[in-house]
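Working notes, structure below.
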Amino acid sequence: MPVTAVSGSASGIGAAVCAVLRAAGHRIIGIDRANAEVVADLSTRDGRQAAVAQVLEQSGGVLDGLVCCAGLGVTAPSSSVLLAVNYFGVSDLLDGLADALAKGQNPAALVIGSVAATHPGADQQPMVEAMLAGDEVQALAMANALGLSHVAYACSKYAVTCEARRKSVKWAAQGIRLNVVAPGAVETPLHQAAKDDARYGKAVSEFVAPLGRAGHPEEIARVVAFLQSENASFVTGSIVFVDGGMDAMTRPQRF
Ligand code: NAI
């Protein structure tokens, strides 16, 4: 039975990923702030270390899969905590669990990015360079100084996508595949909170995909399960948009 760790397992897309992978025969080690096999706070370095240690303990040091879903949206308490979870909460899990994946069978890892990673200018923000350099103190300070949580969100998703692509090339030699799924709007508590937000609610509600609706968590989870399976055995370093056509609508000539 494949063993897969899933962060953000208690809600939304992560919970749907757990359900679909369980149905496909995986044993799941969920990681979340509550209601999970591993209860840990991914916004702090200590919390991430504790998460890695507990996953290694519960898996016996061998993992076949890792799916990093945990994330905060534009209504996060601060831009710094948003960056800490969305970028460092992913990169530290990938780093800490790489050796366990290398020992797994047909190992595959996946990061939930976002269509927001393509937000114009996100790639030019200095906080991106700080994240990619692993400088958490500076990246978090820059995010708070800017004070625009939608920019911090886009930057965190752009940086984490770059980091996953960079790692996918390195990990290929060990036979570990690593892909990114970039959802558009998906009906989850995170998306609902953004729609209810005084600053962002109108823009979020009015930005509708060509398919005319937001996605359901299961529609993301089914693509994740495919990428984590041997049906996707030659797919690595890819960014798969699961967004009802949002990326094609906003950037028809970029791919
Ligand atoms: P959600 O709010 O339903 O689930 C997020 C999960 O992450 C929650 O269970 C939460 O407890 C966990 N989490 C947050 N901070 C944590 C921390 N410090 N330590 C441990 N766990 C923590 O949200 P949703 O929508 O399911 O989000 C999942 C991922 O999908 C996120 O990375 C999000 O950025 C991404 N995404 C979501 C979209 C949407 O429209 N819902 C669109 C594009 C990307």
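If you take the C-alpha gyration tensor of segment 128-176, multiply each eigenvalue by 5 and take the square root, what semi-axes do you get, largest first, in whole Å?
In descending order, the three semi-axes are 26, 11, 5 Å.
Restricting to lysine pairs 8 or more places apart or on different chains, what number in segment 3-243 have Cα atoms under 27 Å apart?
Values: Lys103/Lys167; Lys103/Lys170; Lys157/Lys167; Lys157/Lys170; Lys157/Lys195; Lys157/Lys202.
For segment 3-243, the number of qualifying lysine pairs is 6.
Whenever you get a sec, line up Leu94, Leu72 from highest to lowest accessible area (probe 1.4 Å, protein heavy atoms).
Solvent-accessible surface, decreasing: Leu72, Leu94.
Would you work out which of Ile176, Leu132, Val186 lies farthest towards the positive end of the dipole of segment 132-216? Charges go on Cβ: Lys and Arg +1, Asp and Glu -1.
Going by the Cα projections, it comes out as Ile176.
Tell me the Rg and the Dmax, in Å, that the Cα atoms of segment 22-156 produce.
15.4, 46
Name all residues of segment 217-255 having a backbone nitrogen under 13 Å from the label point set 7 Å from the Cα of Leu211 along its Cα→Cβ direction, giving them as ranges.
From segment 217-255, the list is 217-224, 241-248.
Could you work out [θ]222 nm for the chain from helices alone, using -39500 (n - 2.57) per DSSP H run of at least four and dividing by all its residues? Round to the nearest 500 deg cm²/dmol.
-14000 deg cm²/dmol
May I ask you to derive the relative contact order of the chain, considering only C-alpha pairs under 8 Å and at least 6 residues apart, and to give it as an integer percent?
That works out to 20 percent.
Picking from Leu93, Gly245, Leu72, whose Cα lies most toward the positive end of the charge dipole for the chain (charges on Cβ: Lys, Arg +1; Asp, Glu -1)?
Of the candidates, Gly245 comes out farthest on the positive side.
Which values, in whole Å and largest first, are the semi-axes of the equivalent ellipsoid of segment 210-255 obtained as the square root of 5 times each eigenvalue of the Cα gyration tensor?
Working from the Cα gyration tensor, I get semi-axes of 22, 16, 5 Å.
Where the centre of each part is set by its Cα atoms, how far does segment 185-230 sit from segment 56-93, in angstrom?
So the two Cα centres are separated by 19 Å.
Given points 7 Å out from each Cα along the Cα-Cβ axis, report the Arg222 to Leu148 separation in nanometres with one decimal.
With each label placed 7 Å out from Cα toward Cβ, I get 3.7 nm.
Computed FRET efficiency, Cβ-Cβ of Ala173 and Asp135, R0 30 Å: what is it to the nearest 0.05? Mind dumping the intermediate values first?
On the way: r = 27 Å, r/R0 = 0.89.
FRET efficiency, Ala173 to Asp135: 0.65.
Work out, step by step, the length gained on full extension between Gln124 and Val62: first 0.36 nm times the residue separation, then minus their alpha carbon distance; give nm to one decimal.
On the way: separation 62, 0.36 × 62 = 22.32 nm, distance 3.79 nm.
In short, 18.5 nm is gained.
Expressed as a whole percent, how much of the Cα-Cα distance distribution for segment 3-243 exceeds 33 Å?
Values: 2967 of 28920 pairs.
Roughly 10 percent, rounded to a whole number.
Among residues other than Ala70 whose Cβ falls under 9 Å from its Cβ, what is the net charge (Lys/Arg +1, Asp/Glu -1)?
Once all neighbours under 9 Å are counted, the net charge is 0.
About its Cα centre, what dipole magnitude does the chain give when the only charges are +1 on Lys and Arg Cβ and -1 on Asp and Glu Cβ, stated in debye to the nearest 20?
Approximately 400 debye in magnitude.
So what are the ³J(HN,Hα) numbers for segment 138-148, from phi and the Karplus equation (6.51, -1.76, 1.60; θ = phi - 60°), rounded to whole Hz, Gly and Pro as x?
3J(HN,Hα) across segment 138-148, in whole Hz: 5, 4, 5, 5, 5, 5, 5, 5, 5, x, 10.
Hey, any idea what the orientation-averaged projected area of the convex hull of segment 154-255's Cα atoms comes to, in nm²? Numbers along the way, then the final one.
Working: hull surface 29.6 nm².
Value for segment 154-255: 7.4 nm².
Contour minus end-to-end for Ser233 and Lys195, with contour as 0.36 nm per residue of separation and end-to-end as the Cα-Cα distance?
Details: separation 38, 0.36 × 38 = 13.68 nm, distance 3.74 nm.
Here the segment from Ser233 to Lys195 would lengthen by 9.9 nm.
Calculate, for Ala34 and Gln253, the FRET efficiency according to 1/(1 + (r/R0)^6) with r their C-beta to C-beta distance and R0 41 Å; round to the nearest 0.05.
Approximately 0.40, to the nearest 0.05.
Could you rank Arg251, Arg27, Arg22 by how accessible they are, 1.4 Å probe, largest area first? Working shown, then result.
Details: Arg251 55, Arg27 95, Arg22 120 Å².
Heavy-atom accessible area, descending, gives Arg22, Arg27, Arg251.
The values are calculated or read from the model by the stated rules, or taken from the named source; none is laboratory data. None of these values were measured; they are calculated from a predicted model. Neighbour counts are summed over all protein chains in view; Cβ atoms, including those assigned to glycine, are modelled from backbone coordinates with ideal geometry. Protein only, heavy atoms only, side chains kept; ligands, DNA and RNA dropped before computing areas. Shrake-Rupley method; radii C 1.70, N 1.55, O 1.52, S 1.80 Å.
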